[in-house]
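See below for the structure under consideration.
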Amino acid sequence: MTALINRIIDHSGVDGCGIRTVLVFQGCNFRCRYCHSPDTMGTCNGCGVCALHCSSGALKHGGPGKKPEWFEDRCTGCGRCVNACRKDASPRIKRVHLKEVTERIRKNRSSIEGITCSGGECTIQADFMTGLFPQVKEMGLSCLIDSNGAADFERMPDLMEYCDGVMLDIKAMDREKHVELTGAGNEQVLHSAKALARMGKLSEIRTVVSAADSGARETVDGITRLLKPYGAEIGYRLIPFRVYGVRREYRRMGAPSRSTMEELRGIALANGFKNVIIT
């Protein structure tokens, strides 16, 4: 069993509770305007443009339709190849075997609390996670998922049995606004939020807020009202828009003021949520 992986972060302190190993899966079914890792969205089509922008000799193009060969030992991490990609992908993507991933996690075992599967959208490769999670649990580690909510988690009982929690992004409550931000509707996202809450698997909701988002108040109010019946212990993370990594055409969205973020936090608290964080 294999998965298409953008990168593996051995130790992260910002992807769930404690220090975690993070698997960043390649491929996403949303096209979020403010995505901070747009190189995780698409897949390489072998055009070779990235190799033309590599100045360190780390990329060798094998011809039309063939993924460039990446020499990791020569790579300086300058990012020119990623910036040049027309497919929102990266030539540094790897197809890794389940055994290779479990061995890497096992090496980190003594210094981490668990793993987090992120992306892109990791649930696109749910079969790989279903094979991975039981082995990770046997190591005494926890398993978290960072998701956009497009998957139907109720149809993944084998995966959810070993999943300790899902950190779910909700971009907007209004469907048209959600389409504007992501290119997709939010019906399944909202269904996923309620379904995960019922299962006791919804550990955190995340919403990115930009200065250009006129519907942020309605979004925060709607989300917290929607999930209030399932318990106020669900975490809510409000994230101000940051320009780092965002595609050039969307960098002018701007960050909201601190007072705006505090107002949004106040709405969530007033609706009964207790754990509301601005990051």
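The values are calculated or read from the model by the stated rules, or taken from the named source; none is laboratory data. Note that this is a predicted model, so its numbers are computed, not measured. Virtual Cβ from ideal backbone geometry, glycine too; neighbours counted across all protein chains shown.
Structure values in brief
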quantity	calculated
Subset of region 155-182 (residues that are of a type in the set (A, V, I, L, M), within 18 Å of Leu23 (Cα to Cα) and not in a helix (DSSP H, G or I))	Val166, Met167, Leu168
Counted residues, region 246-277 - those being surrounded by 14 or more Cβ atoms within 10 Å (Cβ to Cβ), under 20 Å from the mean Cα position of the chain (by Cα) and over 14 Å from Ser210 (Cβ atoms)	1
Selected residue (only one of Cys35, Cys78 is surrounded by 20 or more Cβ atoms within 10 Å (Cβ to Cβ) and over 25 Å from Lys137 (Cβ atoms))	Cys35
Enumeration of residues in region 211-245 that are surrounded by fewer than 21 Cβ atoms within 10 Å (Cβ to Cβ) and either within 12 Å of Met173 (Cα to Cα) or hydroxyl-bearing (Ser, Thr, Tyr) (or both)	Ser214, Gly215, Arg217, Glu218, Asp221, Gly222, Arg225, Leu226, Tyr230, Tyr244
Where Ser203 falls short, out of the listed (1) among the polar types (S, T, N, Q); (2) within 17 Å of Asn271 (Cβ to Cβ); (3) assigned to a strand (DSSP E or B)	(2)
Residue match in region 43-58 (condition: surrounded by 13 or more Cβ atoms within 10 Å (Cβ to Cβ), under 30 Å from Asp213 (Cβ atoms) and modelled with pLDDT under 95)	yes
Region 45-71, residues that are in a loop (DSSP other than H, G, I, E, B) and touching a helix residue (DSSP H, G or I) at 6+ places or on another chain (Cβ under 8 Å)	His53, Cys54, Ser55, Ser56, Gly57, Ala58, His61, Pro68
Index of the failed condition, Val14 passing every other in (1) modelled with pLDDT of 95 or more; (2) surrounded by fewer than 17 Cβ atoms within 10 Å (Cβ to Cβ); (3) closer than 23 Å to Leu202 by Cα; (4) among the β-branched types (Val, Ile, Thr)	(1)
Residue in region 121-136 that is closer than 13 Å to Thr21 by Cβ, of a type in the set (S, T, N, Q), at pLDDT 95 or above and surrounded by 23 or more Cβ atoms within 10 Å (Cβ to Cβ) present	no
Matching residues in region 181-195 - criterion: being in contact (Cβ under 8 Å) with a residue 60 or more places away in the chain and on the phi < 0 side of the Ramachandran plot	Leu181, Thr182, Ala184
Residue match in region 141-149 (condition: touching a Lys or Arg at 6+ places or on another chain (Cβ under 8 Å), surrounded by fewer than 19 Cβ atoms within 10 Å (Cβ to Cβ) and in contact (Cβ under 8 Å) with a residue 12 or more places away in the chain)	no
Residue in region 229-237 that is within 19 Å of Leu269 (Cβ to Cβ), modelled with pLDDT under 95 and in a helix (DSSP H, G or I) present	yes
